[in-house]
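The values are calculated or read from the model by the stated rules, or taken from the named source; none is laboratory data. Computed from a prediction, not measured in an experiment: that's the story for all the values here. Heads up, the Cβs are rebuilt from the backbone with ideal geometry, glycines too, and the neighbour counts pull from every protein chain shown.
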Amino acid sequence: MLNEDTLTRRRRVLGDDHPDALSSAANLASTLAELGDLQRARALAEDTLTRMRRIHGDDYPDTLVSAANLVATLADLGDVRGARALAEDTLIRMRRVLGEDHPETLNSANTLASTLAELGDLQRARELSEDTLTRRRRVLGEDHPDTLLSTANLANRLTDLGDVWGARALDEDILTRRRRILGDDHPDTLNSVANLASRLAELGDVRGARALDEDTLTRRRRILGEDHPDTLNSANNLAATLAELGDVRGARALAEDTLIRMRRVLGVDHPGTRDSEELVRQLGGRLSGRRRLGRQRGQGG
């Protein structure tokens, strides 16, 4: 991997604490997280943040960006309380140092909103999501990838609060824009397809959800690999869809394979792994109608 080679060379030539070496370490941590190697990403992100705090101080912009990246990785690993504590602190500092409308501040606000929702603080999560989206639309425009990310986040918050029709309308608009701007196979586009499938399922259009789930899983396997967390999320969702449609045997086979992979990749304590275990348990008892327990939460990306 190019990022690993760059980091190795910079550490050898410049030393572990040189700003360029730390920049390479932060970039590699982000790449590992995108590839689904979350444990390595966390270890590297934590080490980088510790070094940046010691060298630059807590309020240095690069330190704050490193903290924000670690927040996202902690959330992906299921450490939502740890993510929230760091996210709250980071957002306060970013607003003071960078300003309310700075792109990195808005990134931090978007991540905190998702974390709050995971912990059940739904109203505050929605308010923060709406504020972030309004600012991004004004600063970046309707079609900017970060604006679309915030729109997807708000759609998830609307679903949390029971406004599934409102969420569906946002998801359909996001998907149209992402396909036009990013293409059908971009990871953000696939997140949108997965989210729309979840809305359709909740609104009773299970066959429509199945078509989207199958397409998303096929693309994610090809682009991200069999064991990427997003691929496993899609596999779990498709298993829930198949069960809803009465294909319990097919659902169970897919769910059991997914659970084995989730335990290996995410660990036994990850929320996604626990959801997958519940789905397998239900399918073992032929309880194929309990869709929401098996289906993963909507994805902000």
Conditions: (1) of a type outside the set (Gly, Ala, Ser); (2) more than 19 Å from residue 198 (Cα to Cα); (3) part of a helix (DSSP H, G or I). Residue 269 meets all but one. Number of the miss? (3)
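Of all residues in the range 176-192, how many are crowded, with 21+ Cβ neighbours inside 10 Å and either on the phi > 0 side of the Ramachandran plot or among the aliphatic types (A, V, I, L, M) (or both)?
As a first pass, look at the range 176-192 and keep what is crowded, with 21+ Cβ neighbours inside 10 Å: 178, 189-192.
Okay, now just the ones that are also either on the phi > 0 side of the Ramachandran plot or among the aliphatic types (A, V, I, L, M) (or both), so 190.
Qualifying residue count for the region: 1.
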Go through (1) among the small types (Gly, Ala, Ser); (2) in contact (Cβ under 8 Å) with a residue 40 or more places away in the chain; (3) not in a helix (DSSP H, G or I) and name the single condition residue 192 misses. (3)
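Tell me which residues, restricted to the range 174-187, are aliphatic (A, V, I, L, M) and either free of Cβ contacts under 8 Å to residues at least 24 places away in the same chain or in contact with a Cys (Cβ under 9 Å, 6 or more places away or on another chain) (or both).
To start, the set of residues in the range 174-187 that are aliphatic (A, V, I, L, M) comprises 174-175, 181-182.
Result: 175, single match.
Can we say residue 292 is out of contact with any Leu (no Cβ under 8 Å at 6 or more places or on another chain), at positive phi and at pLDDT below 90? Working first, answer last.
Working: out of contact with any Leu (no Cβ under 8 Å at 6 or more places or on another chain): yes; at positive phi: no; at pLDDT below 90: yes.
So residue 292 does not fit the description; no.
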Does the range 59-73 contain at least one residue that is more than 19 Å from residue 98 (Cβ to Cβ), assigned to a helix (DSSP H, G or I), of a type outside the set (Phe, Trp, Tyr) and in contact with a helix residue (DSSP H, G or I) (Cβ under 7 Å, 6 or more places away or on another chain)? yes
When only residues in the range 139-173 that are without any contact (Cβ under 8 Å) to a residue 12 or more places away in the chain and part of a helix (DSSP H, G or I) count, which is nearest to residue 196 (Cα to Cα)? 169
What pairs come out if I take residues in the range 223-235 that are among the acidic types (Asp, Glu) and pair them with residues that are not in a helix (DSSP H, G or I) whose C-beta lies under 9 Å away, six or more apart or interchain? 227/36; 230/36; 230/224; 230/299; 230/301
May I ask you to list the residues in the range 236-251 that are surrounded by fewer than 24 Cβ atoms within 10 Å (Cβ to Cβ) and either in a helix (DSSP H, G or I) or among the basic types (Lys, Arg) (or both)? 244, 248, 249, 250
